[in-house]
Structures are given as structure tokens and as C-alpha cells.
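Notes follow once the structure below has been shown.
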Amino acid sequence: MKINWSWIAAHIPHHGSMCLLHAVNDWDGNAICCSATSHCAPDNPLRNARGLPISAGIEYAAQAMAVHGALLAPLDRPEVGFLTSVRNVQWSTPRLDDVGPEITVRATRLSGNEASLLYDFSVLCQERLLLHGRASVLLQPPAASLARP
């Protein structure tokens, strides 16, 4: 199964130009590696008057985590996750739109349970590390489990 932009847009809550990733390059139960070219797009919704700030890389990483969750979720029970915190974020460049034509976004699940997840993430251009950090995700239980008898 090829995992391209169309598949990604159909499985995460981000649509149109806000769906930032264009492909999943590799994934397993613990990690995902995606690629993107939208950081160069003049109509990128995260751009400001000076370009695309490196902090936008956190959204790219959050979308990689969402795609990872969609790939792991049972078909009848998708989960909704909310980014609750990012920590230890470090970057090596002020902008994301001038680093090269394609970026790689990696997310590795460090721990988790039915209520929350912890990911390590990084954004790279070729082998140059642009941004990395950790993110916590709070999972919303599927609607069926919220119903009371």
C-alpha cells in the first residue's frame, strides 16, 4: 500500500493545504518517517510575512504522529489525539522554507498507554537536523467507550 498525500489527508483531521506531509517513507509499530515539500509552498498556511518559521516544524511532527496513530488504529476504532505539550525543543535554523526542496519528519513513540503517548520527533533536510524535541499526546477515548449504560 502506497501511503501518499491522498491517504494522509483522508486519515488525519487536516485537509487542503493544512495537510502538510506528502508521503510516508517508512513506519512500524514504534516509529514513522514522512516526507514533505509543502514547507516551500508560498500558500503554506503556517507562513508569515517573513517566511515559514522553524516552529512550524512542530506541526509537521504532530501530523506525522497523527499519521502514525491512524496507521496503528483498528479500522473500527480510530482514536483522536491532542498535542498537549512539547519539550526540549531545539533547532539549528530560524526558518523552514529555505532549507531545501524536501524535508524528512520522524517521530518515535517512546511510551504510551490508552490515555497518552510520548514521542520523540525530528525534522531534517537531507541529513541536516533542523529541529528536534519531545511531544506528549492525550488520547480521546473512542465515542463508544464514553457512552454510559
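Taking 0.36 nm per intervening residue step and subtracting the Cα-Cα distance, what contour gain separates residue 73 from residue 23 on full extension?
16.2 nm
Pull out the extension gain between residue 85 and residue 110, defined as 0.36 nm times the separation in residues minus the alpha carbon to alpha carbon distance; nm, one decimal.
7.5 nm
Between residue 55 and residue 128, what's the calculated FRET efficiency when r is the beta-carbon distance and R0 is 22 Å? Round to 0.05.
Calculated value: 0.80.
Bear in mind these aren't lab numbers, they're just calculated from the coordinates by the rules spelled out. Everything numeric here is computed off the predicted structure, so don't read it as measured data. Note that each Cβ is placed from the backbone with ideal geometry, even for glycine, and that neighbours are counted across all protein chains shown.
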